[in-house]
Amino acid sequence: MAVVGGGACGMCAALAAGEQGVAVTVLEREDAPMGTTAMSVGFIPASGTRWQKQEGVADTAELLAADILAKNKGETDPEMVRHLAHHSAPTLEWLVDKHAIPLSFMIRDHYPGHAVPRMHGTPNRSGAELMRALAAAAVRVGVRLVTRAKVTHLFADATGRILGVRYTGTNGAATDLACDALILACSGFAANRTLVAEQIPEILPASVFAHAGSQGDAMTWGRQLHAQLADLQAYQSHGGFSPEGLSPVPWAHILRGGIQVNTTGKRFSDESRNYAERALDVLAQPDHFVWSIFDERIHVSMLEFEPYRALLDKGCILAARDVSELRAVTGLPAAIEDTLKEVAQYASGQRADPLKRDFTKTPSLQAPYRAVKVTGALYHTQGGLLVDGQARVMKTNGQVFPNLFAGGGAARGISGPGCSGYLAGNGLLTATVLGRLAGQAAAKLVK
């Protein structure tokens, strides 16, 4: 069995098949199996996990599915959403119990659109840390990992049965690999500017924070094989990307009370909206950037995030003892002083925020302050190959391919047709669950 792509989806697929005794080869085009997951904080939403129950959080698969469908206004396959939600807790508990992936429940941060806290992450809140753990687990079950291997061609017979793949290594030589089943886990097309311009031109002004392997290979092969594709205009962006640090600021700095102001020193929309939608708001501001402003309390709490510590080490997180110094380090006008006073009134309940954000759930911002310059960025696409509940790729005639599977960014997501339907964690929910289901189904087929 072969897996194209070594991100979270590919690794989960390899683990699920490898633990069944199936010989699995993962072909990863980069130096290490990291993928889009490694560029994130690595949070996976799941409903009804034992860790939620231990913290007294009542959650169900039905509630998670309802939240996802409410966010995308029902513009996706509701049965697939319910299917993934149902498998979310078993997948996380499988990763922890069977493969020692160090995941824990994050009760502190309640992401917008989720009825209850349901994010789970690694100790340092890092997608790279998650990927290292997944790769180590894959080695333990005997998965063969080939890095610097760029797949260039799929071989299939007249029925659509995949016979094998061709890939090139670092020396440019081509190698043909036969396989009884193939799983495409090679992400979407966010790093391919031509495809982005073709499918989602609205996000072209954004910075690109996408894995280099997100070139649309799965979409290209799918078209050649007459596979169904859906929601190619769907994408996840981020409204807190640091252009100097080349990384998003973990959104917890907003959830814990931070604000964003444009170059006039004024807030411009409700910051507590989903970070994926926030990117277009940010890009609409003068010079296409804004400042995230928070305080020392939030800064200290953010040190649990490995990506945040990296931005701090790069000098992207600016410090200011008071408002005057905040103006000096950011270049913001005097209006920032009025903005901070207004936010304090919103937090105390003296006034209602005209932008409709509820500040009463977090403490008021207090000096000393912290600031980071951010813009909007394209992170990954959410459309792709249409798959069934076993992650089998669907043909244009409605039938399934005999032995072709897909998941993660290579498959259609659950966010609907645009960016407004993305609920925090949708990407890794589909990557981990579909990866596991694909691996199980492929292993059963091979055996």
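The values are calculated or read from the model by the stated rules, or taken from the named source; none is laboratory data. Because the structure is predicted, anything quoted here is derived from the model rather than measured. As a convention, Cβ positions derive from the backbone with ideal geometry for all residues, glycine included, and neighbour counts pool all protein chains shown. Accessible surface areas use protein heavy atoms only, side chains included; no ligands, DNA or RNA. Shrake-Rupley method; radii C 1.70, N 1.55, O 1.52, S 1.80 Å.
Being in a helix (DSSP H, G or I) and either open to solvent by 30 Å² or more (accessible area, probe 1.4 Å) or among the aromatic types (Phe, Trp, Tyr) (or both), is that true of even one residue in the stretch 253-269? Yes, there is a match, as at least one residue in the stretch 253-269 is in a helix (DSSP H, G or I) and either open to solvent by 30 Å² or more (accessible area, probe 1.4 Å) or among the aromatic types (Phe, Trp, Tyr) (or both). The set of residues in the stretch 301-316 being in contact with an Asp or Glu (Cβ under 9 Å, 6 or more places away or on another chain) and outside any helix (DSSP H, G or I) consists of Lys314, Gly315, Cys316. Under the condition of being closer than 21 Å to Asp287 by Cβ and open to solvent by less than 50 Å² (accessible area, probe 1.4 Å), the residues counted in the stretch 321-332 number 3. All conditions but one from (1) at pLDDT below 95; (2) β-branched (Val, Ile, Thr); (3) within 20 Å of Trp221 (Cβ to Cβ) apply to Val4; the one that does not is (1). Taking into account only those residues within the stretch 122-175 that are among the basic types (Lys, Arg) and in a strand (DSSP E or B), which is surrounded by the most Cβ atoms within 10 Å (Cβ to Cβ)? By that ranking, first place goes to Lys150. Scanning the stretch 105-121 for residues that are of a type in the set (A, V, I, L, M, F, W, C), open to solvent by 10 Å² or more (accessible area, probe 1.4 Å) and within 17 Å of Ser272 (Cα to Cα) yields Ala115, Val116.
In summary, strands (runs of 3 or more DSSP E) completely within the stretch 339-447 and bearing 3 or more residues that are β-branched (Val, Ile, Thr) occur at 369-381. Across the stretch 11-33, the number of residues qualifying as of a type outside the set (Gly, Ala, Ser) and closer than 23 Å to Ser88 by Cβ comes to 6. Contact annotation: residue pairs with Cβ atoms under 8 Å, 6 or more positions apart or on different chains, pairing a residue in the stretch 132-155 that is closer than 17 Å to Gly7 by Cα and free of Cβ contacts under 8 Å to residues at least 60 places away in the same chain with a partner that is outside any helix (DSSP H, G or I) and open to solvent by 60 Å² or more (accessible area, probe 1.4 Å), are Ala133/Ala100; Val139/Leu145. In the set (1) part of a loop (DSSP other than H, G, I, E, B); (2) touching a helix residue (DSSP H, G or I) at 6+ places or on another chain (Cβ under 6 Å), Ile298 fails one condition alone, (1). Taken together, Glu198, Glu244, Glu202 contain a single residue that is of a type in the set (Asp, Glu), touching a residue at least 24 places away in the same chain (Cβ under 8 Å), assigned to a helix (DSSP H, G or I) and open to solvent by 30 Å² or more (accessible area, probe 1.4 Å), which is Glu202.
Within the set Ala328, Ala319, the sole residue that is among the hydrophobic types (A, V, I, L, M, F, W, C), part of a strand (DSSP E or B), over 24 Å from Leu378 (Cα atoms) and without any contact (Cβ under 8 Å) to a residue 60 or more places away in the chain turns out to be Ala319.
Of all residues in the stretch 95-121, those satisfying the criterion of being in a loop (DSSP other than H, G, I, E, B) and either at pLDDT 95 or above or of a type in the set (A, V, I, L, M, F, W, C) (or both) are Ala100, Ile101, Pro102, Leu103, Met106, Ile107, His114, Ala115, Val116, Pro117, Arg118. In the stretch 78-105, the residues that are within 19 Å of Ala61 (Cα to Cα) reach residues that are basic (Lys, Arg) and in a helix (DSSP H, G or I) with C-beta atoms within less than 7 angstrom, at least six apart or across chains, in these pairs: Thr91/Arg436; Glu93/Arg50; Trp94/Arg436. When you scan the stretch 272-292, do you find a residue that is open to solvent by 50 Å² or more (accessible area, probe 1.4 Å), over 22 Å from the mean Cα position of the chain (by Cα) and basic (Lys, Arg), even just one? Among the residues of the stretch 272-292, not one is open to solvent by 50 Å² or more (accessible area, probe 1.4 Å), over 22 Å from the mean Cα position of the chain (by Cα) and basic (Lys, Arg), which makes the answer no.
Do the conditions hold for Val393, that is, is it on the phi < 0 side of the Ramachandran plot, under 23 Å from the mean Cα position of the chain (by Cα) and either modelled with pLDDT under 95 or buried (at least 16 other Cβ atoms within 10 Å of the Cβ) (or both)?
Yes: the conditions hold for Val393.
Comparison of Val400, Val393, Val446, Val387 shows that the only residue that is among the hydrophobic types (A, V, I, L, M, F, W, C) and without any contact (Cβ under 8 Å) to a residue 24 or more places away in the chain is Val400. Just one residue in the set Gln215, Gln224 is polar (S, T, N, Q) and either crowded, with 24+ Cβ neighbours inside 10 Å or not in a loop (DSSP other than H, G, I, E, B) (or both); that residue is Gln224.
Within the stretch 337-358, the set of residues being under 32 Å from the mean Cα position of the chain (by Cα), open to solvent by less than 40 Å² (accessible area, probe 1.4 Å) and either of a type in the set (A, V, I, L, M, F, W, C) or under 26 Å from Met131 (Cβ atoms) (or both) comprises Leu340, Val343, Ala347. Residue count for the stretch 93-104, restricted to those that are open to solvent by less than 30 Å² (accessible area, probe 1.4 Å) and touching a Lys or Arg at 6+ places or on another chain (Cβ under 9 Å): 3.
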